């Protein structure tokens, strides 16, 4: 246990002094955002696949939805090894895709 009367030999970095946050923490947050966005798009396609099956959609329409969802699953898996640039690219891509899907009303 550290005696408060003596200086700490390993002081914590002062973030209030304007130092940028640790890159590893930023990278982890970016990764989590990207995974969340891809997951939301996967969920959108999963809901549409379920609805299409219940509605008796054509096999082609159902296969198209399944193929799109599979592409998203592959992108989510790629995030496990993606560098920060690829992670940011996928996050931006899926943010735009989610917005488009939500606005399409389908």
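The values are calculated or read from the model by the stated rules, or taken from the named source; none is laboratory data. Since the model is a prediction, treat every value here as computed from it, not as a measurement. Glycine also receives a Cβ, built like all others from the backbone with ideal geometry; neighbour counts cover every protein chain displayed.
Let me spell it out: the conditions are (1) farther than 25 Å from residue 99 by Cβ; (2) in contact with a helix residue (DSSP H, G or I) (Cβ under 8 Å, 6 or more places away or on another chain); (3) at pLDDT below 95, and residue 53 meets all of them except one. Which number is the exception?
(3)
Within region 42-51, can you find the residues that are within 19 Å of the chain's Cα centre (by Cα) and farther than 24 Å from residue 89 by Cβ?
47
When region 52-106 is examined, which residues are found to be surrounded by 12 or more Cβ atoms within 10 Å (Cβ to Cβ), more than 13 Å from the chain's Cα centre (by Cα) and not in a helix (DSSP H, G or I)?
Scanning region 52-106 gives a single hit, 57.
Out of region 30-41, which residues are under 17 Å from residue 101 (Cβ atoms) and surrounded by fewer than 19 Cβ atoms within 10 Å (Cβ to Cβ)?
Result: 36, 39, 40.
So which residues in region 59-100 are touching a helix residue (DSSP H, G or I) at 6+ places or on another chain (Cβ under 9 Å) and farther than 26 Å from residue 28 by Cα, if there are any at all?
61, 62, 65, 66, 68, listed by residue number.
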